[in-house]
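Here the structure is laid out as structure tokens; the discussion comes afterwards.
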Amino acid sequence: MSQNTHKFSLTTRIFIGMLAGIIIGVLLQLVFDDSGDLRFTIFGSTFSTYSILVEGIFSTLGQIFIASLKMLVVPLVFVSLVCGVSSLTDPSKLGRLGVKSIGLYIFTTAIAISLAIGMGLLVQPGAGVPMTSDASFVAKEAPSLSQVFINMFPTNPINAMAEGKMLQIIIFAVLFGVSMAMCGDAGQRVASFFEDLNSVIMKLVTIIMNLAPYGVFVLMAKLFSTIGPDMLGSLAKYFFLVLFVLILHGLVTYSLLLKGLTGLSPKMMFIKMRDAIQFAFTTSSSSATLPVTMETAQNKLGIGKSVSSFTLPLGSTINMDGTAIMQGVATVFIAQVYGVDLSVSDYMMVVLTATLASVGTAGVPGVGLIMLAMVLQQVNLPIDGIALIIGVDRLLDMTRTAVNITGDCTVACIIAKSEKELDETCYNDIDAGKKEEELNLDTASKNA
Ligand code: ASP
């Protein structure tokens, strides 16, 4: 018999975990300042309670939680994409999916960056900010455009999986799935094995999602025990402007696009995406959040597997609207701080390079800031400017990752609707997918 043993839904439990983590983190910071730390000595060694809690327990458990999410990404993307592609009855659909996804991703990113630059010019976040910075930033070399394309093709698929190279995995999975569909009976047998494998991996996603309330608790407790409001300093205007544009784009642009292009209710999409948004916010990684984004898309939003398994992994790799927004505001900010006047063609260059930079940004924490170097270089702004904003980037990274994955899901909904791959009854059912999400241990023990 299946029964829900929890009083609150998973979404509420994750939210409580997040809030409790933030409160504990802030309290730890207040209580355990330098003079308040409880130190004790065992066998001649002195230990600090604060370090044991924060650097020891919270940090270790938090990293284990993120590792468990990342562990699922490669098998999930490969298996579900192979299933999705092999189930496509019309081969030309694959090409259409590719063109639509890439087109829409680039389009939404271009809107995001234009919005960011426009708001940056209007609000002038860099006016009056001193240029001095004791930190310095050493930029890594950004790959050339042709290298980006060459790197999409795997020379060794096993190596691509071992290194988690998403675009290479996508290309291999698509080719594998297409051949499987063309292989008659043999293909059918392999396909049913992959279908079963997919169900097992999705169950593993459910298990890890059910541990999320604890995972997000330790991640937030660790983060908020180290950062405080004083980090904002003269960067408050920059920080809140990025935040504002992120929220504006996340709520308004996506709602307009979804409503305008499909007639679907944006509110429903946001409600159903709550878990995924909380995961993105706490892990700061679109890639680590991918298993949850895919679960949401398939079970709650009713997006068909052939669309979701292709569009979402691609989006988590190439579609970073939130990152582009940070890069747009940051470029304007750095130009203002250094007193550089950028021309209209410079800004157009920024739109172009930030869109490409967002394609090249991996879905892991902090990479958006590294790719900002590429944008700054294009318009001859000092790369050292990145050092100015590094201090507030952690919190912005959390928020922009949430926007990044919301963009992926919006595009997936639009494409699914246009390809008739959207189960609208599921989309409009507020309770859809909740049963799959609850871990039913009864079944597990019965099957054992
Ligand atoms: N953390 C972001 C993501 O995973 C990437 C970035 O902007 O640094 O989506």
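For the reader, a short list of remarks on this structure follows.
- Of all the listed residues (ALA276, ALA288, ALA297), the sole one being touching a residue at least 60 places away in the same chain (Cβ under 8 Å), crowded, with 24+ Cβ neighbours inside 10 Å, under 18 Å from ASP429 (Cα atoms) and touching a Leu at 6+ places or on another chain (Cβ under 7 Å) is ALA297.
- Scan of segment 363-392 for residues that are open to solvent by less than 40 Å² (accessible area, probe 1.4 Å) and within 27 Å of LEU69 (Cβ to Cβ), ordered by number: GLY363, GLY366, VAL367, GLY368, LEU369, MET371, LEU372, VAL392
- Residue match in segment 123-143 (condition: modelled with pLDDT under 80, open to solvent by 50 Å² or more (accessible area, probe 1.4 Å) and at positive phi): yes
- All positions within segment 147-195 that are among the acidic types (Asp, Glu) and under 27 Å from the mean Cα position of the chain (by Cα): GLU163, GLU195
- Within segment 225-251, the set of residues being more than 19 Å from the chain's Cα centre (by Cα), under 28 Å from LEU121 (Cβ atoms) and surrounded by fewer than 16 Cβ atoms within 10 Å (Cβ to Cβ) comprises PRO229, MET231, GLY233, SER234, ALA236, PHE240.
- The lone exception for VAL350 - which of (1) among the β-branched types (Val, Ile, Thr); (2) more than 25 Å from PHE149 (Cα to Cα); (3) away from the ligand (no atom under 15 Å from the Cβ) it fails: (2)
- Meets criteria (within 13 Å of the ligand (Cβ to nearest atom) and either free of Cβ contacts under 8 Å to residues at least 60 places away in the same chain or crowded, with 18+ Cβ neighbours inside 10 Å (or both)) for THR355: no
- Only one entry in THR425, THR361 is under 15 Å from ALA324 (Cβ atoms) and among the hydroxyl-bearing types (Ser, Thr, Tyr), namely THR361.
- Among the residues of segment 151-170, those that are within 16 Å of THR361 (Cα to Cα) and open to solvent by 60 Å² or more (accessible area, probe 1.4 Å) comprise ASN151, GLU163, LYS165.
- Taking the criterion of being out of contact with any Asp or Glu (no Cβ under 8 Å at 6 or more places or on another chain) and of a type in the set (Asp, Glu), the only residue of segment 276-322 that qualifies is ASP321.
Here is a yes/no grid of residues against (1) in contact with a Pro (Cβ under 6 Å, 6 or more places away or on another chain); (2) modelled with pLDDT under 95; (3) polar (S, T, N, Q); (4) away from the ligand (no atom under 16 Å from the Cβ):
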{"site": "ILE277", "(1), (2), (3), (4)": "no, no, no, no"}
{"site": "THR282", "(1), (2), (3), (4)": "no, yes, yes, no"}
{"site": "SER287", "(1), (2), (3), (4)": "no, yes, yes, no"}
{"site": "GLU295", "(1), (2), (3), (4)": "no, yes, no, yes"}
{"site": "GLN298", "(1), (2), (3), (4)": "no, yes, yes, yes"}
{"site": "ILE303", "(1), (2), (3), (4)": "no, no, no, yes"}
{"site": "VAL307", "(1), (2), (3), (4)": "no, yes, no, yes"}
{"site": "PHE310", "(1), (2), (3), (4)": "no, yes, no, yes"}
{"site": "LEU314", "(1), (2), (3), (4)": "no, yes, no, no"}
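- Residue among LEU223, LEU264 that is in contact (Cβ under 8 Å) with a residue 60 or more places away in the chain and within 15 Å of the ligand (Cβ to nearest atom): LEU223
- Hits in segment 324-352 - residues which are buried (at least 24 other Cβ atoms within 10 Å of the Cβ) and of a type in the set (Ser, Thr, Tyr): THR331
- Residue in segment 323-335 that is outside any helix (DSSP H, G or I) and modelled with pLDDT under 95 present: no
- Test set (1) β-branched (Val, Ile, Thr); (2) under 23 Å from PHE239 (Cα atoms); (3) near the ligand (Cβ under 10 Å from one of its atoms) - VAL340 fails condition number: (3)
- Tally, over segment 364-389, of residues that are within 12 Å of the ligand (Cβ to nearest atom) and assigned to a helix (DSSP H, G or I): 6
- Any hit, segment 403-418, residues being part of a loop (DSSP other than H, G, I, E, B), within 16 Å of the ligand (Cβ to nearest atom) and aliphatic (A, V, I, L, M): no
- With a requirement of 1 or more residues that are among the aromatic types (Phe, Trp, Tyr) and over 30 Å from VAL129 (Cα atoms), the helices (runs of 4 or more DSSP H) lying completely within segment 231-283 that satisfy it span 254-262, 266-272, 274-283.
- Residues located in segment 171-189, provided they are assigned to a helix (DSSP H, G or I), surrounded by fewer than 16 Cβ atoms within 10 Å (Cβ to Cβ) and of a type in the set (A, V, I, L, M, F, W, C): LEU175, ALA186
The values are calculated or read from the model by the stated rules, or taken from the named source; none is laboratory data. Predicted, not measured: the structure shown is a model, and the values here were computed from it. Please note: Cβ atoms are built from the backbone with ideal geometry, for glycine as well, and neighbour counts cover all protein chains shown. For accessibility, only protein heavy atoms count, side chains too; no ligands or nucleic acids. Shrake-Rupley method; radii C 1.70, N 1.55, O 1.52, S 1.80 Å.
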